[in-house]
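The values are calculated or read from the model by the stated rules, or taken from the named source; none is laboratory data. None of these values were measured; they are calculated from a predicted model. Using ideal geometry, Cβ is built from the backbone for each residue, glycine included, and neighbour counts are taken over all protein chains shown. Ligands, DNA and RNA are stripped out before the accessible areas are found, and what is left, the full protein with its side chains, is counted by its heavy atoms. Shrake-Rupley method; radii C 1.70, N 1.55, O 1.52, S 1.80 Å.
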Amino acid sequence: MADLIWVYAEVVDEKISRASLEMVSKASEVGTAEAILLGPAPDDAVETLAALIQKHQPVVILFASSYSGRDLAARLSAKLDCGAITDVGDFALKDGTVEATIPALGGSYQNTSTLVGQGTKILLIRPKAFEIKPSLKMATVEDVAAPADTALRKVHLTERVTVKREGPQLEDSKVIVAGGRGLKAPEHFRLLQELAELLGGAVGATRAVVDAAWVPYALQIGQTGKTVKPDLYIACGISGAIQHLAGMKASKTILAINTDPEAPIFQIADLGVVGDVFKVVPQLIEELKRRKEA
């Protein structure tokens, strides 16, 4: 039997998260993939996972680098008295253990790491690390009973706050129009919103813009934000700090607009426009409107 690889599947908006599907696709390439679905991080998830791992002994269990994924992986690591590797961009099974590849310095370098010792290994996977690939195989479902001991239920959900979403989401958008400090003021993001709507895309931002409270944290792209991989990424007024590049440099086509010809963003851009974002973007908008009306 091939090596057993487990994926902790997260539920977001009542459906399996994209990150979970990415991990399942990779796991099926490396070994025998099985997904563990316990709902949106229940309070008894660690006890349930620990019991299942002791029974079935998977080689590795994968968690998404999300809030619930990091929380569960840390607690499970403590429960099983084993280590965990975070920020994993790829992995392989070699000589009975797992070898993880970890991007460093914004993806400029790749480090490899492994966990020694016996037992199941824990990996936290970066978003967009793998492609979702359809499978013709039929999955079987096995019900798992959670521990019934009420003493284990120490966390209780008292309130759920849902942030209203409008338009395409960053993680799934094929076109992203992102802005940085070069936009000079929060109200200028309306310009990017108009361009994004014409292209059927979403708006993103750098950490500096988010820290300045110009836009919500949900729009942040970069090492401490979201990792995206759209077909087209338009960087408006973004200098190209390495922390931001870590979250978007895998985009298929990158268009950069900046007044500074020496801006680092031009080093990875497929097309660079040295110009004022307040002149270039309106021209793009007018041209797109003209073509739509033609």
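Go through the stretch 235-280 and name the trypsin sites (Lys or Arg not before Pro) that are in a DSSP coil and have 16 or fewer other Cβ atoms within 10 Å of their Cβ. Filter output for the stretch 235-280: Lys252.
Relative to the current alpha-carbon distance between Glu287 and Lys55, full extension at 0.36 nm per residue lengthens the span by 77.3 nm.
Taking N as the number of residues in the stretch 1-126, what value does Rg over Cα atoms divided by 2.2 N^0.38 Å take?
Values: Rg = 13.6 Å, N = 126, 2.2 N^0.38 = 13.8 Å.
Working it through for the stretch 1-126, the quotient is 0.99.
Among the listed values [x] 1.19; [y] 1.03; [z] 0.94, the one matching Rg/Rh (Cα atoms, Kirkwood Rh) as calculated from this structure is [y].
Mean-square fluctuations from a GNM of the chain, with a 10 angstrom spring cutoff on Cα atoms, peak among Thr86, Thr224, Thr140 at Thr140. Surface exposure of the chain, expressed per residue as accessible area with a 1.4 Å probe, stands at 57 Å².
Could you compute the net charge surrounding Ile285? Neighbours are other residues with a C-beta less than 15 Å from the C-beta of Ile285; K and R count +1, D and E count -1.
Working: positive: Arg190, Lys279, Lys289, Arg290, Arg291, Lys292; negative: Glu194, Glu197, Asp276, Glu286, Glu287, Glu293.
Summing Lys/Arg as +1 and Asp/Glu as -1 gives 0.
When only alpha carbons are used to place a centre, the stretch 10-77 and the stretch 108-130 end up 14 Å from one another.
Where in the stretch 193-294 are there GluC sites (Glu not before Pro) that are in a DSSP coil and have at most 14 other Cβ atoms within 10 angstrom of their Cβ?
Working: sites: Glu194, Glu197, Glu262, Glu286, Glu287, Glu293; in loops: Glu262.
Passing both the DSSP loop test and the Cβ count: Glu262.
If you bin every alpha carbon distance in the stretch 180-264 into 10 Å steps from zero, what whole percent lands in each bin? Pairs per bin, as whole percents: 18, 56, 25, 0. Backbone amide hydrogens, once placed in the peptide plane, bring Lys121 within less than 5 Å of Val60, Ile61, excluding anything fewer than 5 places away on its chain.
Ratio of Rg to Rh for the stretch 44-113: 1.00 [Cα atoms; Kirkwood radius as inverse mean 1/r over pairs].
When the helices in the chain are scored as -39500 (n - 2.57) per DSSP H run of 4 or longer and the sum is shared across all residues, what 222 nm value do you end up with, to the nearest 500 deg cm²/dmol?
Numbers: 7 runs with 79 residues, N = 294.
-8000 deg cm²/dmol, from helical runs alone.
Label positions at Ala212 and Ile268, each projected 7 Å from the Cα along the C-beta direction, are separated by 2.1 nm.
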